[in-house]
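The values are calculated or read from the model by the stated rules, or taken from the named source; none is laboratory data. Worth saying up front: this structure is predicted, and the values here are computed from it rather than measured. So basically every Cβ, Gly included, is an ideal-geometry build from the backbone, and we count neighbours across all protein chains shown.
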Amino acid sequence: MKPFTYHRASTLTDRPAGATIIAGGTNLLDLMKHEVMTPKALVDITALDLNRIEAHGDGLRIGALVRNSDLAADPVIRRDYPLLSRALLAGASGQLRNMATTGGNLMQRTRCPYFYDTRMPCNKREPGSGCAAIGGVNRNHAILGASPACIATYPGDMAVALRALDAEVEIESPAPRQVPLSEFYRLPADTPDVETVMRPGEIITAVLLPAPAGGQQRYRKVRDRASYAFALVSVAAIIGMENNRIAHAALAFGGVAAKPWRDPGAEALLIGQEPSDTLFGRAADLILQSAGGYGGNDFKIPLLRRTLIATLRDATGMEATA
Amino acid sequence: MTRHLKVDAPIPDSPLDHMAQGVLGKPVSRLEGPLKVTGRATYAAEARPEGLLYGVLVQAAIPAGKVLSIGDAPGAMVVIHDPRLIRYAAQGMATEGPTAGPDEVEYMGQAIAVVVAEALEAAQAAAQALQVTYEAKDVPVDPEAVEPERPEDKQSATGDLDRAMQDASHTLDQIWHTPSHTAAAMEPHAATAEWSGDTLTVRAGYQMLATSREQLADAVGIKPDQVRLLAPYVGGGFGSKLGINADSVAAAIAAQQLGRPVQVVMTRQQVFDLAHRRSETRQRIRLACDTQGKLTGIGHEALVSNLPGVSFSEPVTQATPFTYQAAHRQIVHAIARVHRSCAGSVRAPGEAVGATVFECAMDELAETAGIDPVELRLRNIPDTEPCTGRPFSSHKLAEALREGAARFNWSDRRPTGQRREGDWYIGMGVASAVRVNSLIESRARVTLQADGRAIVETDMTDIGTGSYTILGQIAAETLGLAVDRVEVRLGDSDFPPASGSGGSFGAASSGTSVYLACAEIRSQIAALIGCDEADLTLQNGQVRTGNVSRPLDALLTGELTGDGHLEPGKTEDTVRQATWGSHWAEIAVNRWTGEVRVRRMLGVFACGRVLNEKTARSQCLGGMTFGLGMALTEAMAHDPRDGHIVTRDLAEYHIPCHADVPPLEVHFLTESDTYVGPLHAKGLGELGICGAGAAILNAIHNACGVRVRELPATPDKIIAGLQS
């Protein structure tokens, strides 16, 4: 770890220029120990008043410092946004969720092993050095939206649920703004080191949830062990049914791209239809039409298809025995 | 006085069966448990001698070649790249240090230097900033892409297997792959070294002190009697701490050069790179049987890997020659020389992967032959060791299979793919458990103090297994004392050398030496009271013979000392010694995602006398959990270009977590093995893993019809075989 200065912020603006924000530190500290990130200055924001969950219009405003464990257990979240609660509980471990914050969770970095290994080239860590995951061990890498420069995935679960819930990120900056989660993350293209639309000096202050979506909400995460593992594939689904037809559908996918993936075309394809494996398969095919593997992760293509079908069968109430 | 025993003959009547205390075998809780859960048991990395300096290992960033230069390390006291630094860990029981000379790089991640500073953080930062230049060379890293060695003494053939395959009613010929595994002990490798004149004291987490002391002396260039190793508490070993590693050598050299104590603690990533891995294996199994399922042919061909020049090779086929009967047999053992990290003993080397794969093959043959898998095994159990004709010291496989079938309700098992609950296919699987058994020379000293308390001293280690407790129970039983009247002192190389912990031999070997030391004291007590040792009853601090009963402390006028010395003898050769058991698993496979969830497991084991029901059970639970990991989750991924270990922390290398492990049931068969010394106890630590994974893999097939022959059975492997 490289030496750094440490400042504990007392107000939102009490932040030294260029300082990297630390809250729960569940990811940043590891990155600093491995010298993947070497901030010269840290600003600890945990003393700020950003840890409330409060009404916001018909929806909710979740402070950036609300802990994952508190958010998952919040009675209103559990009642009105069960998808979010389930996604949070599918992530990390109890100990990590006790430390991890809402804002920090959005900003977590990929778990590509080559990103963490400073002996190896990585365009995300060291732009221009190359991508060691291409041609390397890439079991848990992206099948959608990757580029020749980077095939890493966004690793989290919470943001996948937020994507399906049409959440927005509230950003404090000289020009405060609210960014839909759909626009918050960037695909790698030629600059995989730039992962979000956050600009220098900006800080996430809250996540805004719209009015409850209702319907059946599922978060289905498939991984290599039953807990404490990153998603191979995850599906966040919100399904509203009317007269045995799908009236509303929101689907987001984790573990497959550098951002929570969503495909409006696939959702539109479901609307007004009676649930069936054929229909769900067609939706999956649409989502996957641009998918490609890199050897170790080829299986994610059929796995996403199968997981989506299983999740939709469950959310639409199809009999498991069919 | 020393009581010496060389186990040349069976001992039909165990003297332990005539003791009166009644504590041996009881589920006594770990004596050191309270110290561990309150943080008072200090491990090697927790030593804080006056003036301690911190050393951080620097690792090679090339797979092979030469270190040309190493730069300065601002902020650190010194960068040491001494030619004595070892390239990889010593193999268990070696009596010399491993190959030294860090400037020659043999694998990516090899330790090439140690940076020392006043503070750990300064040493870490300096190590990370260090500029190293190399002359790299191209080397093979893929075991299947090189022509392997086939050492003559590791090949064997009886009869004509090819012919047996041609003539058989049913055959099986398949290839399995198992990945590299890591031991993944909770405690990282750590050493704190301190010199006093010419004498070196090292606190380290080691499994076998006597040989590690010799290795370290050789590596550092001093005599063994100049080295004292201290390992009172070891946070798990599983083979990874059998021999010395870079931590202790680097700490010793740095402490010597700087004249102050130095501590080197490996990071988790360094543990992955520098502790021995279990070699990946490629196993081809051929089986032939007649219409009744009687095996006529057995072939087991193994390909494993290691660095050039390293003698260890994963003994995959170790149990194959004696587990099942067949007239025509062939064993092939090939070793690929590749530049992956050094391979060595990890969690039951040999049977863990060898018996697991073989038991999968037996399941496939059972299906082909249309015979129940339990019945197929029962029909092929040999009466004597095939090939040699030696008798077995004891043999409980048939009983373990029958008992397990009853306890697990095996008769509920349905044909493949016939049981479903919602989206989950349900299946049941079975496998035999087998592990070779051995005794290792072992010594102990017991002192009976005048107040009637006993002290046991031996350099035996307790690596989390319960050595303190069982040795205390053996002494308490033999001397007729409550367990809390016995103090057990372990993990100090100044104590009489024991077997150490490894190969499941620790409990029986060191336990017997403790028993012998206590038996010597019994004879001294008998002399004091004036009777034959055989007529002596010791119980609760009372000495009885005939009608005479006296308090022990009243009889003693001073302390009594006994030394015990066990040596393995002719029964190593006159009989085949092994432990046996059976594994049972019920699992669920998700029909969409291919996720596998284990619903219940049962292990039935026979290990001779059970010395402590609680710690023995814990050993088996750990082994079965490792078996679950082997079957479903654990894989060390090597980069295909340079061989480096990609999954090098516990988030990426998937040890089963709590949610993966269902309630596990362990049942011990009553057994007494007369060929293994007076304890009648055999090894147990490793039996729990041997075959456990096969029960799960076989259950997967029973559930959904998918055979996974490339371990572990992660969702991708399952869905590849499921119908869409």
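A few comments on the model shown:
- Inclusion of B:GLY293 among residues that are small (Gly, Ala, Ser) and surrounded by 19 or more Cβ atoms within 10 Å (Cβ to Cβ) is warranted.
- Unmet requirement for B:GLY677, which otherwise passes all of (1) buried (at least 24 other Cβ atoms within 10 Å of the Cβ); (2) touching a His at 6+ places or on another chain (Cβ under 7 Å); (3) at positive phi: (2)
- Across the range A:119-163, the qualifying residues are those that are under 20 Å from the mean Cα position of the chain (by Cα) and hydroxyl-bearing (Ser, Thr, Tyr), and the one among them that is surrounded by the most Cβ atoms within 10 Å (Cβ to Cβ) is A:THR153.
- Strands (runs of 3 or more DSSP E) wholly inside the range A:33-82 that include at least 1 residues being surrounded by fewer than 16 Cβ atoms within 10 Å (Cβ to Cβ): A:41-44, A:53-56
- Residue in the range B:463-470 that is part of a helix (DSSP H, G or I), assigned by TED's automatic domain parsing to the domain that holds B:VAL7 and of a type outside the set (Ser, Thr, Tyr) present: yes
- Condition broken by B:ILE696, with the remaining ones in (1) outside any loop (DSSP other than H, G, I, E, B); (2) touching a residue at least 12 places away in the same chain (Cβ under 8 Å); (3) within 14 Å of another protein chain (Cβ to nearest Cβ); (4) surrounded by fewer than 24 Cβ atoms within 10 Å (Cβ to Cβ) satisfied: (4)
- Given (1) away from every other protein chain (no Cβ under 13 Å); (2) crowded, with 24+ Cβ neighbours inside 10 Å; (3) in contact with a strand residue (DSSP E or B) (Cβ under 8 Å, 6 or more places away or on another chain), index of the condition B:LEU711 fails: (1)
- Of the residues in the range B:587-597, at least one is over 30 Å from B:VAL141 (Cα atoms) and either among the polar types (S, T, N, Q) or at pLDDT below 95 (or both).
- Subset of the range A:18-32 [within 24 Å of B:ALA651 (Cα to Cα), outside any loop (DSSP other than H, G, I, E, B) and of a type outside the set (A, V, I, L, M, F, W, C)]: A:ASP30
- For B:GLU46, the requirement of being free of Cβ contacts under 8 Å to residues at least 24 places away in the same chain and closer than 29 Å to B:PRO224 by Cβ is met.
- Tally, over the range A:1-32, of residues that are away from every other protein chain (no Cβ under 14 Å), polar (S, T, N, Q) and surrounded by 13 or more Cβ atoms within 10 Å (Cβ to Cβ): 1
- Selection status of B:ALA454, of a type in the set (A, V, I, L, M), modelled with pLDDT of 95 or more and in the same structural domain as B:ILE521 (by TED's automatic domain parsing): yes
- Any hit, the range A:41-52, residues being under 25 Å from A:ARG223 (Cα atoms) and either without any contact (Cβ under 8 Å) to a residue 40 or more places away in the chain or within 14 Å of another protein chain (Cβ to nearest Cβ) (or both): no
- Residue among B:VAL249, B:VAL234 that is of a type in the set (Val, Ile, Thr), assigned to a helix (DSSP H, G or I) and within 26 Å of B:LEU490 (Cα to Cα): B:VAL249
- Screening the candidates B:ALA125, B:ALA117 for the property of being in the same structural domain as B:ALA90 (by TED's automatic domain parsing), at pLDDT 95 or above and crowded, with 16+ Cβ neighbours inside 10 Å yields one hit, B:ALA117.
- One residue alone among B:ALA183, B:ALA193, B:ALA217, B:ALA210 is touching a His at 6+ places or on another chain (Cβ under 8 Å) and either at negative phi or not assigned by TED's automatic domain parsing to the domain that holds B:GLY354 (or both), and that residue is B:ALA183.
- Note on the range B:636-690: among residues that are of a type in the set (A, V, I, L, M), assigned to a loop (DSSP other than H, G, I, E, B) and away from chain A (no Cβ under 14 Å), the one that is farthest from B:ALA275 (Cα to Cα) is B:LEU669.
- The one condition in (1) in contact (Cβ under 8 Å) with a residue 24 or more places away in the chain; (2) away from chain B (no Cβ under 14 Å); (3) in contact with a Leu (Cβ under 9 Å, 6 or more places away or on another chain) that A:ASN244 fails to fulfil: (3)
- Residue ID - surrounded by the most Cβ atoms within 10 Å (Cβ to Cβ), chosen from residues in the range B:557-570 that are assigned to a loop (DSSP other than H, G, I, E, B) and at pLDDT 95 or above: B:GLY569
- Residues of the range B:240-260 that turn out to be buried (at least 24 other Cβ atoms within 10 Å of the Cβ) and either not assigned by TED's automatic domain parsing to the domain that holds B:ARG87 or not β-branched (Val, Ile, Thr) (or both), as a count: 13
- Conditions (1) over 30 Å from B:ASP290 (Cβ atoms); (2) buried (at least 18 other Cβ atoms within 10 Å of the Cβ); (3) in contact with a Ser or Thr (Cβ under 8 Å, 6 or more places away or on another chain); number of the one not met by B:GLY422: (2)
- Members of the range B:103-126 that are free of Cβ contacts under 8 Å to residues at least 40 places away in the same chain and away from chain A (no Cβ under 14 Å): B:ASP103, B:GLU104
- Taking the listed residues B:ARG435, B:ARG419, the one that is under 30 Å from B:ALA699 (Cα atoms) and within 14 Å of chain A (Cβ to nearest Cβ) is B:ARG419, with no other qualifying.
- Condition met for B:ALA326 (within 18 Å of B:GLN155 (Cβ to Cβ), in a strand (DSSP E or B) and of a type in the set (Gly, Ala, Ser)): no
- Condition check for B:ALA191: closer than 19 Å to B:VAL249 by Cβ and in a helix (DSSP H, G or I): no
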